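For reference, the structure is listed below as structure tokens.
The values are calculated or read from the model by the stated rules, or taken from the named source; none is laboratory data. The shown structure was predicted, so the numbers you read here are calculated from the model rather than taken from an experiment. Here the Cβ is made from the backbone with ideal geometry for all residues, glycine too, and neighbour counts use every protein chain on show. For accessibility, only protein heavy atoms count, side chains too; no ligands or nucleic acids. Shrake-Rupley method; radii C 1.70, N 1.55, O 1.52, S 1.80 Å.
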Amino acid sequence: MAVAQELYSFPASKLDSFVAQWLQPTREWKEEVLETVQTVEQFLRQENFRGERGPAQDVRVLKVLKVGCFGNGTVLRSTTDVELVVFLSCFHSFQEEAKHHQAILRLIQKRLPYCRELLDLGLSNLSVTEEVPSSLIFTIQTRETWEPITVTIVPAFRALGPSCPNSEVYVNLIKANGYPGNFSPSFSELQRSFVKHRPTKLKSLLRLVKHWYQQAHHPGPSRPHPQRGARLQVGYSCSARQPVSETGLLL
């Protein structure tokens with residue numbers, strides 16, 4: 001793609017133009033993607049999840065939150081991945097989330113193929129990932145252009161509710177003794193707000209950083225980037241030195 005070659009020759013005074021011309025998505029395309037994803041959100045809000053295994057009570061969705069670039073307003077033009085964090089009524093603690101996380105994912109996976117609206121959007125490729133935290137991933141298509149969209153659903157305990165002081169939340173998080181990153185979706189509201197209401201200049205900078213990171217680590221076979229393989233500090237977990245997701249980068 002020509003964009004990768006042009007970025008490094010652009011003067012700093014024209015970077016705003018570069019972002020607007022090459023990185024920022026069109027309003028029509030973004031609205032089309034978000035309208036398609038609303039079908040998933042409506043399904044989650046209207047469905048009661050209960051199975052033979054997992055929580056004894058009916059499971060209601062308290063809130064569906066778009067995270068990552070679509071949630072905080074830093075989406076790149078080429079991005080077709082949407083991440084949804086689903087806060088559920090059955091999770092009253094980090095420990096309950098850890099106990100029932102997999103069972104809830106299987107319940108959602110089992111119910112999705114019965115949603116006629118999602119089938120009409122070409123629902124396919126349902127799978128549960130083994131990443132941390134584990135999630136449900138599937139593909140649907142936009143209504144107008146039939147562009148494939150990858151949707152990721154992560155169930156979570158809503159740790160930052162109004163009834164629990166922040167200090168108590170972090171004490172409980174430490175006591176839960178979970179695997180690093182396992183409970184990060186519980187704090188996604190805080191993560192999203194950290195970026196969403198920042199000035200456009202900062203969001204443009206984040207787009208540039210993400211674009212540079214993608215080109216540095218995934219430049220394609222024809223033109224390997226000279227900085228490929230260099231350790232990108234913001235793109236790695238400080239503890240495990242492993243690549244982290246876009247959500248983890250707060251970008």
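Restricting the search to the range 29-50, which residues are under 13 Å from L112 (Cα atoms), more than 16 Å from the chain's Cα centre (by Cα) and without any contact (Cβ under 8 Å) to a residue 60 or more places away in the chain?
R45, Q46, N48
Please find, among V154, V171, the residue that is open to solvent by 50 Å² or more (accessible area, probe 1.4 Å), closer than 27 Å to A103 by Cβ, out of contact with any Phe, Trp or Tyr (no Cβ under 6 Å at 6 or more places or on another chain) and modelled with pLDDT of 70 or more.
V171
Restricting the search to the range 54-97, which residues are open to solvent by 10 Å² or more (accessible area, probe 1.4 Å) and of a type in the set (D, E, K, R)?
Listed by number, the residues that qualify are D58, R60, K63, K66, R77, D81, E83, E96.
Only one of (1) within 23 Å of E144 (Cβ to Cβ); (2) in a loop (DSSP other than H, G, I, E, B); (3) modelled with pLDDT of 90 or more; (4) not aliphatic (A, V, I, L, M) is not met by E35, so which one is it?
Answer for E35: the failing condition is (2).
What residue, among those in the range 189-207 that are of a type in the set (S, T, N, Q) and farther than 29 Å from Y8 by Cβ, is surrounded by the most Cβ atoms within 10 Å (Cβ to Cβ)? Please lay out each step first, then the result.
Step one: of the range 189-207, the residues of a type in the set (S, T, N, Q) are 191, 193, 200, 204.
Subset that is farther than 29 Å from Y8 by Cβ: 191, 193.
Details: Q191: 21, S193: 12.
Ranking the qualifying residues of the range 189-207, first place goes to Q191.
Which condition does R143 not pass, out of (1) more than 23 Å from L76 (Cα to Cα); (2) of a type in the set (K, R); (3) part of a loop (DSSP other than H, G, I, E, B); (4) over 18 Å from the mean Cα position of the chain (by Cα), if it passes all the others?
If we test R143 against (1) more than 23 Å from L76 (Cα to Cα); (2) of a type in the set (K, R); (3) part of a loop (DSSP other than H, G, I, E, B); (4) over 18 Å from the mean Cα position of the chain (by Cα), just (1) comes out false.
Q21 - would you say it is assigned to a helix (DSSP H, G or I), open to solvent by 50 Å² or more (accessible area, probe 1.4 Å) and modelled with pLDDT of 90 or more?
No: the conditions fail for Q21.
What pairs come up if the first residue lies in the range 77-92 and is closer than 17 Å to E31 by Cβ, the second is open to solvent by 30 Å² or more (accessible area, probe 1.4 Å) and among the basic types (K, R), and their beta carbons are under 8 Å apart, counting only those six or more places apart or on different chains?
Pairs found: V82/K66.
Rundown of residues vs (1) at pLDDT 85 or above; (2) more than 23 Å from G73 (Cβ to Cβ); (3) open to solvent by 90 Å² or more (accessible area, probe 1.4 Å); (4) assigned to a helix (DSSP H, G or I), yes/no style:
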position	(1), (2), (3), (4)
T150	yes, no, no, no
A159	yes, yes, no, no
P162	no, yes, yes, no
S167	no, yes, no, yes
F187	yes, no, no, yes
V209	yes, no, no, yes
Q215	no, no, no, yes
R231	no, yes, yes, no
R241	no, yes, yes, no
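Tell me which residues, restricted to the range 75-98, are among the hydrophobic types (A, V, I, L, M, F, W, C), under 19 Å from the mean Cα position of the chain (by Cα) and outside any loop (DSSP other than H, G, I, E, B).
Once the filter is applied, which keeps residues that are among the hydrophobic types (A, V, I, L, M, F, W, C), under 19 Å from the mean Cα position of the chain (by Cα) and outside any loop (DSSP other than H, G, I, E, B), the range 75-98 yields V82, L84, V85, V86, F87, L88.
Conditions first: (1) in contact (Cβ under 8 Å) with a residue 12 or more places away in the chain; (2) open to solvent by 30 Å² or more (accessible area, probe 1.4 Å); (3) not basic (K, R). Y114 passes all but one, so which condition is the exception?
(1)
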